[in-house]
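Visitor: Take this structure first; my questions come after.
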Amino acid sequence: MISQKAKYALRALVALTKIPAGESLMISEISRGQSIPKKFLEQILLELKRAGIVMSRRGRLGGYVLLRAPEQVTFGEVLRLIDGPIAPLPCLSKIAYRRCVDCAEESSCEIRHVFARVTIATREVLDRTTLADAVVANDVLV
């Protein structure tokens, strides 16, 4: 399950994906439009800014914009940034591998084998789905 923080981050990024090129959204606009608490959103956008996903502009036309094209930002990248590893078991993690302390042998662990399939399928969807894909998919469903 993803955290509320990750869900808010994705919703904020989708909102930024939907604005016309050259425009920006102020924190208050994103907060109101996506029902995200403003203080929490500020922290999230700061993390996304440090990661090079968004940037902020000052001035009358200020606000936040995507720094990278929506086709270049995947759900998997954002989830790892906000929540950490996607894998349900530490022995399956790409970025935070740890051997399970209660496991005698990974190669014969039935639980690991089942969750490895889950992890592979999850990564495949999250690492191939971009912000642009999410907006297009939503437009098709409407």
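All of the numbers you see were taken from the coordinates with simple rules; none came from a lab. Remember, it's a predicted structure, so these values are computed and weren't measured experimentally. Here the Cβ is made from the backbone with ideal geometry for all residues, glycine too, and neighbour counts use every protein chain on show.
Visitor: Pop out the ³J(HN,Hα) list for the stretch 88-100 in order, Karplus 6.51 cos²θ - 1.76 cosθ + 1.60 with θ = phi - 60°, rounded to Hz; leave Gly and Pro as x.
Guide: After applying 6.51 cos²θ - 1.76 cosθ + 1.60, I find x, 10, x, 6, 10, 6, 7, 9, 9, 4, 8, 5, 5 Hz.
Visitor: Mind listing the long-range amide H neighbours of V54? Cut-off is under 5 Å, sequence gap 5 or more, other chains count too, H placed in the peptide plane at 1.01 Å from N.
Guide: K49, L67
Visitor: Looking at the stretch 99-138, which GluC sites (Glu not before Pro) are in a loop (DSSP not H, G, I, E or B) and have at most 14 other Cβ atoms within 10 Å?
Guide: Filter output for the stretch 99-138: E105.
Visitor: Report, in debye and to the nearest 20, how large the dipole of the chain comes out about its Cα centre when Lys and Arg carry +1 and Asp and Glu carry -1 on their Cβ.
Guide: Result for the chain is approximately 640 debye, rounded to the nearest 20.
Visitor: While we're here: If you line up the Cα atoms of the chain on their principal axes, what length do they span on each, largest first, in Å?
Guide: Per principal axis, max minus min of the Cα coordinates gives 61, 32, 24 Å.
Visitor: Sticking with this one: Using a ≥ b ≥ c from the Cα gyration tensor of the stretch 4-66 (square roots of the eigenvalues), is it rounded, prolate or oblate, where a/c under 1.5 gives rounded and otherwise the larger of a/b and b/c decides, a/b for prolate?
Guide: Verdict is rounded for the stretch 4-66.
Visitor: Something else about it: Computed FRET efficiency, Cβ-Cβ of R98 and R68, R0 25 Å: what is it to the nearest 0.05?
Guide: Plugging the Cβ-Cβ distance into 1/(1 + (r/R0)^6) gives 0.25.
Visitor: Along the principal axes of its C-alpha atoms, what lengths does the stretch 69-142 span, in descending order and rounded to whole Å?
Guide: Result, largest extent first: 48, 22, 15 Å.
Visitor: Once the Cβ-Cβ distance between I19 and K39 is put in as r, and R0 is 22 Å, what FRET efficiency do you end up with, to the nearest 0.05? Let's see the in-between values first.
Guide: Working: r = 22 Å, r/R0 = 1.02.
Using R0 = 22 Å, I get an efficiency of 0.45.
Visitor: Still on this structure, I have one more. Measure up K5/K38; K18/K94; K38/K94 against 23 Å on the Cα-Cα distance and list the ones that go over.
Guide: K18/K94; K38/K94
Visitor: Pick out which of L41, L25, L61 has the largest mean-square fluctuation in a Gaussian network model of the chain, springs linking Cα atoms closer than 10 Å.
Guide: The residue with the greatest mean-square fluctuation here is L61.
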